[in-house]
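If you scroll down you'll find the structure; I have some questions about it.
The values are calculated or read from the model by the stated rules, or taken from the named source; none is laboratory data. Only a predicted model underlies this, so the values are computations on that prediction, with no experimental measurement involved. Cβ: placed from backbone, ideal geometry, glycine included. Neighbour counts: every protein chain shown.
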Amino acid sequence: MNIFKSGLYIVSTPIGNLDDITLRSLEVLKKSDIILCEDTRRSLKLLNHYRIKKKLVSYHKFNEKKELQKIIEYLNEGKILSLISDAGTPILSDPGLLLVKTCVEKKINIFPVPGPSSITAATCVSAFDDKFLFFGFLPKTENELIKVLSSLKNLDFSLVFFVPGIKINFYLNFFKEYFFGRDIFIAREITKIHETFYRDRIDTIKSFKTPLKGELTIVISKIFHNIYIESDKDIESQANKYLKKYSLKDVVELISKKEKISKKKVYEICLKIKKNEKNN
């Protein structure tokens, strides 16, 4: 029989299928004095399924600062508190980091209770390199998104993102520009009845005719060096030839349409050619 110490337990819960929960997670939840929930209504579905009746406290990104002091008081009283998110492993793109940091500062016990995660679930079936970087939710605005993708495009790792299904086409347009030549894996409804995986090349994947439902986990493969080298050399060769006859604007338009790649990429190559010509 496990002996539970007082403190904060970070408990992973199913990402879809309610059977995907560990025996230890159930035991911790049953022993908890208080369960901190992102959305009490969603958490009740899981807790009712396993006949767990405990005091629930709503703890989400809009009230985490307000509720922090009260939660720390509970912990200082020697209570056992569990933190769960709506699905998966808490903290990772979910509320709770502020609480964990405060517990560390105040030397309050913190216990991880591992379990389901859409990050590892999607990555392990993507068939991409197992060295990956997890980013989480991408920015919603175009300017911020450009900054982020610009900083990530040259990293030679698989990349994992969370994206709302309703905005999938918006993000695909930017992926085509910044991750040209890579593969993409899109997972939706992981472990649920309508679990669906999409696999394609970023430069050939088509926009979805109707927005996808729910939250998507997207994995982008690492850089294919040979593809990049061959592609850039070919474009550079074409640009060299066309720039002798046409304007920069016309060359960018021509190659972009012909090769079905972003104007930005062609423009950067053309500028590089012109700069080299100037220096020579």
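Which fully enclosed helices (runs of 4 or more DSSP H) of the range 56-150 have 3 or more residues being under 22 Å from Gly214 (Cβ atoms)?
So the answer is 118-126.
Still on this model: I need the full set of residues from the range 1-38 which are of a type in the set (D, E, K, R) and loosely packed, with under 14 Cβ neighbours inside 10 Å, in order please.
Within the range 1-38, Lys5, Asp19 qualify.
Let me ask you something else. Out of everything in the range 151-169 that is touching an Asp or Glu at 6+ places or on another chain (Cβ under 9 Å) and not in a loop (DSSP other than H, G, I, E, B), what residue ends up being surrounded by the most Cβ atoms within 10 Å (Cβ to Cβ)?
For the range 151-169, the residue satisfying everything is Ser158.
Could I ask something else about it? With the structure loaded, tell me whether Glu73 is over 19 Å from Ser93 (Cβ atoms), surrounded by fewer than 11 Cβ atoms within 10 Å (Cβ to Cβ) and acidic (Asp, Glu) or whether it fails that test.
Taking the combined requirement at face value, the residue satisfies it.
Just checking, does the range 34-41 include any residue being under 19 Å from Ile190 (Cβ atoms) and either at pLDDT 95 or above or in the same structural domain as Glu67 (by TED's automatic domain parsing) (or both)?
Within the range 34-41, one or more residues are under 19 Å from Ile190 (Cβ atoms) and either at pLDDT 95 or above or in the same structural domain as Glu67 (by TED's automatic domain parsing) (or both).
Can you tell me which residues in the range 107-124 are surrounded by 12 or more Cβ atoms within 10 Å (Cβ to Cβ) and more than 19 Å from Ala87 (Cα to Cα)?
Within the range 107-124, Ile108, Asn109, Ile110 qualify.
For Phe175, indicate whether it is closer than 23 Å to Ser118 by Cβ and not charged (D, E, K, R).
When the stated conditions are applied, Phe175 passes them.
Then there's this: Would you check which residues across the range 224-273 are part of a loop (DSSP other than H, G, I, E, B), surrounded by 12 or more Cβ atoms within 10 Å (Cβ to Cβ) and at pLDDT below 80 and list them?
Those that are part of a loop (DSSP other than H, G, I, E, B), surrounded by 12 or more Cβ atoms within 10 Å (Cβ to Cβ) and at pLDDT below 80: Phe224, Ile261, Ser262.
Run down Asp129, Asp94 and say which single residue is out of contact with any strand residue (DSSP E or B) (no Cβ under 6 Å at 6 or more places or on another chain) and of a type outside the set (Val, Ile, Thr).
Going through Asp129, Asp94 in turn, just one is out of contact with any strand residue (DSSP E or B) (no Cβ under 6 Å at 6 or more places or on another chain) and of a type outside the set (Val, Ile, Thr): Asp94.
Before we move on, is Leu68 in contact with a His (Cβ under 7 Å, 6 or more places away or on another chain), hydrophobic (A, V, I, L, M, F, W, C) and not assigned by TED's automatic domain parsing to the domain that holds Phe134?
In short, no.
Being in contact with a Phe, Trp or Tyr (Cβ under 8 Å, 6 or more places away or on another chain) and either at pLDDT 95 or above or farther than 23 Å from Arg24 by Cα (or both) is the filter here, so list the residues in the range 74-92 that pass it.
Ile80, Leu81, Ser82, Leu83
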